[in-house]
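J.: Below are the structure tokens for one structure; questions will follow.
The values are calculated or read from the model by the stated rules, or taken from the named source; none is laboratory data. All values reported here derive from a predicted model rather than from experimental measurement. Methodologically, a virtual Cβ is constructed for each residue, glycine included, from the backbone with ideal geometry; neighbour enumeration extends over all protein chains shown. We work out accessible area using only protein heavy atoms, side chains counted, and drop any ligands, DNA or RNA first. Shrake-Rupley method; radii C 1.70, N 1.55, O 1.52, S 1.80 Å.
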Amino acid sequence: MSQPSDTWFAFDDSHRPARIWRMVKTAPDGPAEVVAGLDEARKVALGHPLVTHAHAATPALPVPAAPANLSLHADGETLRLGALTQAQPHTRLCAAVSKIRGFLQVNKDWDGVLCLPGFATTVWALISANEVVSVLSFTTAPLVEALSPVAASVSIDSDALISPLQDVISKPETLGLRLAESRSLWAAGELNDAAVLSQTWGAALGAELAAARAYWLGQNLALIAPSALAAPYKAALSSQYVPFTEVDEAQMTIKGLASAYAYYKTET
């Protein structure tokens, strides 16, 4: 294992594309520089600590648990932040933990719900007394990718998203019906690519919001979304007149990993 250093790298391979930052201070608010080109970044990072999120074998704490209590675990030359687990409904939080930890570093004693859209899993986390009390996880982005007839990189049309969302949030059993209708209209040339992707997002998010209703209805809510996923979630929440605070997802990732590494340095 490399010795602790004032130069280290924060790595997030849960993002698309994967991101790596060169860190030049150990403080949570220290400056971060994005290293362009992942292959080149790995070469630059050689010999320096690489701090990232958990994977399947990383130790985990069951919720309720405070993200600030999670340690870094050595995995070869990599330092991995611990995970959180929940038995029912079963879920394991890995990449989301760094964002939650970063948010709570900046917003101490904040109570409410964090919505953390991800490319593999979206997490809704209930926060109280600096602990993650309970979570819900949804595979919404992969569902949209699998069911949309067009690439998920097309821009979102917020207006087109609303109608299927309203239908499915009130009657989740209509999810498949609305998706089939959107595909049929697109195939007939009556919906453009942006509209059919937006309607797919709307139907999928209607199901998610219906299942997560207790996590957003009347709650203090913060949205921590990568830029590629922010638009559909903002449109969906706004359509339900849900007040929320949008938070910079990259900065929360950096701050979470930085605070973990700063604590690690004091222990080694």
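J.: When the residues of region 235-268 are narrowed to those that are part of a helix (DSSP H, G or I) and acidic (Asp, Glu), which ends up farthest from residue 18 (Cα to Cα)?
T.: 267
J.: Here is a follow-up. Quick one: residue 229 ticks every box in (1) open to solvent by 40 Å² or more (accessible area, probe 1.4 Å); (2) of a type outside the set (Val, Ile, Thr); (3) under 19 Å from residue 138 (Cβ atoms); (4) touching a residue at least 40 places away in the same chain (Cβ under 8 Å) bar one, so which box is it?
T.: Looking at each condition in turn, residue 229 falls short on (1).
J.: Now for a separate question. Look through 154, 144 and report the one residue that is in contact with an Asp or Glu (Cβ under 6 Å, 6 or more places away or on another chain) and either open to solvent by 50 Å² or more (accessible area, probe 1.4 Å) or over 19 Å from residue 219 (Cβ atoms) (or both). Write out each step before concluding.
T.: Details: 144 fails: in contact with an Asp or Glu (Cβ under 6 Å, 6 or more places away or on another chain).
After applying the criteria, what remains is 154.
J.: Quick one: what pairs do we get from region 100-119, first residue within 10 Å of residue 255 (Cα to Cα), second assigned to a loop (DSSP other than H, G, I, E, B) and open to solvent by 10 Å² or more (accessible area, probe 1.4 Å), C-beta under 6 Å, 6+ apart or different chains?
T.: Going by the 6 Å Cβ cut-off, the qualifying pairs are 104/130; 105/28.
J.: Based on this model, can you work out whether residue 139 counts as modelled with pLDDT of 95 or more, open to solvent by less than 50 Å² (accessible area, probe 1.4 Å) and either touching a helix residue (DSSP H, G or I) at 6+ places or on another chain (Cβ under 9 Å) or under 19 Å from residue 212 (Cβ atoms) (or both)?
T.: no
J.: If you don't mind, there's one more thing I want to ask. Any residue in region 198-220 that is farther than 14 Å from residue 239 by Cα sitting within a Cβ distance under 6 Å of a residue that is in a loop (DSSP other than H, G, I, E, B) and polar (S, T, N, Q)? List the pairs, counting only those 6 or more apart or interchain.
T.: What qualifies is 200/148.
J.: So which residues in region 56-77 are free of Cβ contacts under 8 Å to residues at least 40 places away in the same chain and surrounded by 15 or more Cβ atoms within 10 Å (Cβ to Cβ)?
T.: Once the filter is applied, which keeps residues that are free of Cβ contacts under 8 Å to residues at least 40 places away in the same chain and surrounded by 15 or more Cβ atoms within 10 Å (Cβ to Cβ), region 56-77 yields 58, 60, 61, 73, 75.
J.: Moving on. Based on this model, can you work out whether residue 262 counts as surrounded by 19 or more Cβ atoms within 10 Å (Cβ to Cβ) and either out of contact with any helix residue (DSSP H, G or I) (no Cβ under 8 Å at 6 or more places or on another chain) or more than 16 Å from residue 15 (Cα to Cα) (or both)?
T.: no
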